Amino acid sequence: MLKKGHVFYRSQNKDYPVAVRGEGVYLYDGEGKRYLDGSSGCLVTNIGYGVSSVAEALKNEALKTGYAHGSTFTTEAQEELAALVTEKAPEGLDYAYFLSGGTEANETAISMALQYHMQRGKSSKYKVIGRRLSYHGSSFATLSAAGNVERRKMYSPLLMNFPLIPAPHCYRCYYGLSYPQCGIICAEELEKTILAEGADNVAAFIAEPIIGTSAAASVPPKEYFPRIREICSKHDVLLICDEVLCGYGRPGSYTAQELWGVTSDLTTLGKGLGGGYIPMGAVIAHKDIHDVFSANWGKFYHGYTYQGNPVSCAGAVAVHRYLREQKLFEQVGPKGELLKKNLHAAFSDHPHVGDIRGTGLLMGLELVLDRSSKESFDPALSVAEKVRETALEEGLITYTGVGPTADIIPRDYLVIGPPFTISEAEIEMMIQKLAVSLEKTLMKLGYAK
Ligand SMILES: Cc1ncc(COP(=O)(O)O)c(C=O)c1O
């Protein structure tokens, strides 16, 4: 009999089902109930569950090296992973620094940016500009560079006073404008902010190319990131693209930034990099950044005990190989189109679905009280969270994100992002379950169609 009760859970008054087995796109609990994973956990299990080549790779590496500290050794697993991960990245993103997750990756990217400037005699450049609708992790630096109100508010005295600018989010434009007449004013805001802070004080701008949980797969207008790239280069501000959630194949391209032909200075990865099998994150640095480290200090003053861990790297190599061998990177585009088509067929005319957005296998629904005015439900109702709970009862895993965001009014988002291995029939089943869950929830709340 499983002894439960000594875990410090995320929610103390909730009874968690025990996940005992995973296979394909399904998780099973201890009662034998099957859950179709419509969100890859939190956009993590890109290759699905139970891939034996990953398990074998982990076992083999655990027996082979087990552990080798990064200040003394490199390993075959780490070298191979770095070669694979950088090979597919935009040109110039050639050097990988491996960590244990997305927060560590973004925290590290910020440190790397500051040390890069210091080595060029620009020590005054320390500020990081972030965006309001964003999430970069749970550490104090990453919270400081993002706008998630709920996650920030209890630590406000400890957070750094980094400037935050509006993110491009056309469904609810911060300026109340419409694209393209807006002239991408949200990108111009970056230049204004750099000038207001003084370019000599700004080290980096960090942004999710496609906003993940803070705005449920909000894709920017195509001109946004090319303009951001120009502004960053002009003011010697590094562009950090946080692709922890939106990258690594999920948007239909390897990275999201390449959708607009942009190359960042530092890109962070996480989630899908380990595929759920191991905790994994990475900073992929442009060779121009690496050159400055080589030519000056020859050292990055940073480090974690488990950085570049060989067992984790071997697992991530196996995940990456599986993605390539099964041609899963290539499948995201067509499967994403099918998902989008089916979501539109099911919800385009739904009175409480205000917006269907996203690209590839990263889609979002925004639930609203009134479709024409875009008025949201009363936040106290937690409509999206209730849909998520009902979906779980129906055997479907969805994701609602990280709670209220920088928006003044919390919104109801559902993120849909199944494993890349999902079949056409499973996409249809997922949408059916989602539709049933939405109707049941609205019915319970007295908002039936
Ligand atoms: C865009 C983004 N960046 C960073 C993180 C933090 O990653 P982790 O939870 O692995 O620390 C997340 C997690 O949800 C994320 O969505």
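The helices (runs of 4 or more DSSP H) found entirely in region 27-112 that carry 1 or more residues being surrounded by 19 or more Cβ atoms within 10 Å (Cβ to Cβ) and either away from the ligand (no atom under 16 Å from the Cβ) or of a type in the set (Asp, Glu) (or both) are 52-64, 76-87. Against the conditions (1) more than 14 Å from the ligand (Cβ to nearest atom); (2) assigned to a loop (DSSP other than H, G, I, E, B), residue 193 satisfies every one except (2). On the stretch given as region 250-275, residues that are surrounded by fewer than 24 Cβ atoms within 10 Å (Cβ to Cβ), assigned to a loop (DSSP other than H, G, I, E, B) and not β-branched (Val, Ile, Thr) total 4. Here is the figure for region 138-161: residues that are crowded, with 20+ Cβ neighbours inside 10 Å, part of a loop (DSSP other than H, G, I, E, B) and modelled with pLDDT of 95 or more total 1.
Scan region 207-242 residue by residue and report those that are more than 20 Å from the chain's Cα centre (by Cα), buried (at least 21 other Cβ atoms within 10 Å of the Cβ) and assigned to a loop (DSSP other than H, G, I, E, B). The answer is 237, and nothing else. Could you please find all residues in region 216-233 being closer than 23 Å to residue 112 by Cα and within 16 Å of the ligand (Cβ to nearest atom)? Within region 216-233, 225 is the sole residue that qualifies.
In this structure, is residue 289 of a type in the set (A, V, I, L, M) and within 19 Å of residue 93 (Cβ to Cβ)? Considered against the rule, which asks whether it is of a type in the set (A, V, I, L, M) and within 19 Å of residue 93 (Cβ to Cβ), residue 289 comes out as yes.
Residue by residue through region 1-23, note down the ones that are assigned to a loop (DSSP other than H, G, I, E, B) and of a type in the set (Lys, Arg). Within region 1-23, 3, 4, 10, 14 qualify.
For residue 204, the conditions (1) assigned to a strand (DSSP E or B); (2) over 23 Å from the mean Cα position of the chain (by Cα) are fulfilled apart from (2). When each of 401, 315, 364 is tested for being at pLDDT below 95, touching a Phe, Trp or Tyr at 6+ places or on another chain (Cβ under 9 Å) and of a type in the set (Gly, Ala, Ser), the lone residue that passes is 401. Each residue in region 113-135 was checked for being in a loop (DSSP other than H, G, I, E, B) and more than 16 Å from the ligand (Cβ to nearest atom), and 7 pass.
Residue-level analysis places residue 236 among those that are assigned by TED's automatic domain parsing to the domain that holds residue 162 and away from the ligand (no atom under 16 Å from the Cβ). Among residues of region 249-263 that are in contact (Cβ under 8 Å) with a residue 24 or more places away in the chain, those with a beta-carbon under 7 Å from a residue that is aliphatic (A, V, I, L, M) and part of a loop (DSSP other than H, G, I, E, B) at least six positions away or on a different chain give the pairs 250/361; 251/210; 254/89; 255/89; 256/210. Filter region 162-190 down to the residues that are among the small types (Gly, Ala, Ser) and free of Cβ contacts under 8 Å to residues at least 24 places away in the same chain, then identify the one that is surrounded by the fewest Cβ atoms within 10 Å (Cβ to Cβ). By that ranking, first place goes to 176.
For (1) outside the structural domain of residue 211 (by TED's automatic domain parsing); (2) within 27 Å of residue 122 (Cα to Cα); (3) not polar (S, T, N, Q), each residue gets a yes or a no:
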site: 244; (1), (2), (3): no, no, yes
site: 250; (1), (2), (3): no, no, yes
site: 253; (1), (2), (3): no, no, no
site: 270; (1), (2), (3): no, no, yes
site: 284; (1), (2), (3): no, yes, yes
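What number of residues within region 228-244 are more than 18 Å from residue 196 (Cβ to Cβ) and not acidic (Asp, Glu)? The total comes to 7.
The values are calculated or read from the model by the stated rules, or taken from the named source; none is laboratory data. From a predicted model like this one, the values you see are computed outputs, not experimental measurements. Ideal geometry is used to build each Cβ from the backbone, glycine not excepted, and the neighbour counts take in all protein chains shown.
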